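Remarks on the structure that follows.
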Amino acid sequence: MQKQSWVDPSRYINKIYVEESCVDLEYTQEILARAKLPWSVVPEKTKPNNLSNDYVYNLTAGKKQLFLCNNRGTFFKPCPGTREYQCCDYQVLNTGTNCPIDCVYCILQAYLNSPWLTFYMNTEQLFSELEESFKQKQDTFFRIGTGEFTDSLAIDRLTALSSKLVRYMSHKKNGVLELKTKSGVIANLENLDHKGRTIVAWSLNSTSVMAKQEIRSATFEERIQAAQQCAAWGYKLAFHFDPIIEHPHWQEEYTETITRLFEVVPADAIAWISLGALRFLPSLKDIGIQRFPATRIYFNEFIQGLDGKNRYFRPERVNMYKVIYSLLKERTVDKTCVYFCMESDEIWQEVMGFAPHEKGGLPKMLDASVR
């Protein structure tokens, strides 16, 4: 029997809930018409159901349910980096929370307290916040991402938000948008005049991690074929090897991933590639083991980092980084920025031979790859 493809993980959703104030919005009706799923109305400022009473136990069930509601907080804000490690000055655009993909290592399991997928319908406020920031900081170059609290494209078949964002960003010369995904959902990106202001990014890993630890995600081949297509449409690309996970035959498998990636994707289309070893809040271990009792990724030796997250010991991280960085540098073009996500100057120096401040800082390095 052929294994089911999760190139479009939104097909896992089987029910939609709509906050009462959002029901009559044109955008809501568009989403409901595309989804063709059962839906019901939720009274204002209440929950769709009682799944949050046992959040961890009901996470899997919640990933089948989409809650269309208003965001009563801020849409646009800086990435919550840690001052003890090198931060890239990323700006987060919060379009919703959670996603139908279920990664064993997903840190959102320990961050969030509601199991449903949420998608925010008050997009007028979203674009208003973006516009205000661009007006107030005309000398700032913005690197903006929607993938902090959700997957950027996993439910885009239903929401089609990507096309709205790409069109908006096409007029912004002092910024780029990064759409980061583990899906192969790219149909809404076709035939858009993006003017090079959108970067389409994929999280990649070793073959066994992608197959066993990233449930309901697109396969590696589906991801890189989608990337190849986006490059043909003129988009810049990015890839994120994060989290890098130690496991049997990790070196051979990461070599296989990187070799195959550069066989399919044109190297000169890649703006940046990030590296980050597995790190997690201590509370995630119990949650991960409860939800995925067969996983072994939490049963390594870890040390608590300066950000309070558990990390591999430094020699182990450095060893993996050196192997993967070497493989990448053999294949990337000079303008592609290969960088660490949340690592110290000492790690940069030991692996790459320099610290970011020697090249003007990490934000400047990333800006230079797309400006």
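Just to be sure I understand: of the beta bridges DSSP finds with both ends in the range 233-371, what percent are antiparallel, rounded to 5?
Just about 35 percent of them are antiparallel.
Taking every pair of alpha-carbon atoms in the range 1-121, what share in percent sits in each 5 Å bin, from 0 to the bin with the longest distance? Histogramming the range 1-121 at 5 Å steps yields 2, 10, 17, 20, 19, 15, 9, 5, 2, 0 percent. Compactness ratio for the chain: Cα radius of gyration over 2.2 N^0.38 Å (N = residue count) comes to 0.96. Backbone geometry of the range 278-283 corresponds, through the Karplus equation with coefficients 6.51, -1.76 and 1.60 at θ = phi - 60°, to 3J(HN,Hα) couplings of 3, 8, 7, 5, x, 5 Hz, x marking Gly and Pro. For Lys285, the shell of other residues with beta-carbons less than 14 Å away shows a net charge of +3, using +1 for Lys and Arg and -1 for Asp and Glu. Pairs spanning more than 23 Å between alpha-carbon atoms, out of Lys77/Lys180; Lys45/Lys164; Lys212/Lys322; Lys45/Lys180; Lys15/Lys285: Lys45/Lys164; Lys212/Lys322; Lys45/Lys180; Lys15/Lys285.
Per-residue Cβ neighbour counts within 10 Å put Val18, Val370, Val333 in the sequence Val333, Val370, Val18, beginning with the fewest.
Kindly work out what percent of the DSSP beta bridges joining two residues of the chain are antiparallel, to the nearest 5.
Just about 25 percent of them are antiparallel.
Under the criterion of Cα pairs below 8 Å and six or more residues apart, the relative contact order for the chain equals 16 percent.
Mind putting a number on the dipole of the chain about its Cα centre? Charges go on the C-beta only, +1 for Lys and Arg and -1 for Asp and Glu, and I need it in Debye to the nearest 20.
My answer is approximately 320 debye.
Distance between the C-alpha centres of the range 95-168 and the range 193-243: 17 Å, rounded to the whole angstrom. For Glu19, the shell of other residues with beta-carbons less than 12 Å away shows a net charge of 0, using +1 for Lys and Arg and -1 for Asp and Glu. The amide H of Arg143, built 1.01 Å from its N in the peptide plane, has Gln91, Val176 as neighbours under 5 Å, considering only residues 5 or more places off or on other chains. Averaging the sequence gap over all C-alpha pairs within less than 8 Å and six or more residues apart, then dividing by the number of residues, gives the range 193-244 a relative contact order of 57 percent.
Gyration tensor analysis over the Cα atoms of the range 156-302 returns equivalent ellipsoid semi-axes of 30, 18, 14 Å (largest first, whole Å). Amide H contacts of Cys337 (H built 1.01 Å from N, in plane; Pro and chain starts excluded): Trp272, Ile273 sit under 5 Å, all sequence-distant by 5 or more or on other chains.
Read the figures in this text as sums done on the coordinates, not as results from a lab. Keep in mind that what you see is a predicted model, and the values were worked out from it rather than measured. Heads up, the Cβs are rebuilt from the backbone with ideal geometry, glycines too, and the neighbour counts pull from every protein chain shown.
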